[in-house]
Amino acid sequence: MDIKAEEYIIQYLADSGEILCSGSLLLSGTEEYAPILDLMLKAAEEQAEQLNLNVTQLEFLNSSGINTMTKFVINVRNRKHLKLSVTGLEGIPWQVRLLKNLQRLMPTLELRMQ
């Protein structure tokens, strides 16, 4: 299951239980992010135990995108059975800040910094 646009690609790899985000997410408001959130929530519903969100190839994420990621993590936090991990790059300051903030919302979230 993929969402592809000129500036970004969001892929859900069901076999490996991973959501890959790449490119630049500069959409306007929650309405434009709704299909991405829907894909992420569907992935969370389909995975029984483990899901990884990989943002290592995501170059930029605006405030509406950060809001979408936050909604996703809060939704997963409410699903007690699902373990969520997020992979990001230590060399990208906004990723480090975002992922640490997401971990504050969901203390069981596993951060994988590369």
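Can you pull out the residues in the range 56-114 that are touching a Ser or Thr at 6+ places or on another chain (Cβ under 9 Å), surrounded by fewer than 18 Cβ atoms within 10 Å (Cβ to Cβ) and assigned to a helix (DSSP H, G or I)?
If the condition is that a residue be touching a Ser or Thr at 6+ places or on another chain (Cβ under 9 Å), surrounded by fewer than 18 Cβ atoms within 10 Å (Cβ to Cβ) and assigned to a helix (DSSP H, G or I), then Ser64, Asn67, Lys71, Arg77, Asn101, Leu105 are the ones that fit.
Could you list, in sequence order, the residues of the range 78-114 that are closer than 18 Å to Lys42 by Cα and more than 13 Å from the chain's Cα centre (by Cα)?
Correct list: Asn78, Arg79, Lys80, His81, Leu82, Lys83.
In the range 1-38, which residue that is touching a Phe, Trp or Tyr at 6+ places or on another chain (Cβ under 6 Å) and assigned to a loop (DSSP other than H, G, I, E, B) is farthest from Ile66 (Cα to Cα)?
The residue in question is Met1.
Could you please find all residues in the range 29-60 being closer than 14 Å to Tyr8 by Cα and over 11 Å from the mean Cα position of the chain (by Cα)?
Glu32, Tyr33, Pro35, Gln57, Glu59, Phe60 - these are the residues of the range 29-60 that are closer than 14 Å to Tyr8 by Cα and over 11 Å from the mean Cα position of the chain (by Cα).
Within the range 21-60, track down each residue that is in contact with a Cys (Cβ under 8 Å, 6 or more places away or on another chain) and among the hydrophobic types (A, V, I, L, M, F, W, C).
If the condition is that a residue be in contact with a Cys (Cβ under 8 Å, 6 or more places away or on another chain) and among the hydrophobic types (A, V, I, L, M, F, W, C), then Leu53, Val55, Leu58 are the ones that fit.
Just one of the numbered conditions (1) out of contact with any Gly (no Cβ under 6 Å at 6 or more places or on another chain); (2) farther than 20 Å from Thr87 by Cα is not true of Glu7; which one?
(1)
Among the residues of the range 65-105, how many are among the charged types (D, E, K, R), without any contact (Cβ under 8 Å) to a residue 12 or more places away in the chain and under 16 Å from Ala48 (Cα atoms)?
1
Quick note: the coordinates plus some simple rules give every number you see, no bench work behind them. Quantities reported herein were computed from a predicted structural model and do not represent experimental measurements. Note that we place each Cβ from the backbone using ideal geometry, even for glycine, and neighbour counts take in every protein chain shown.
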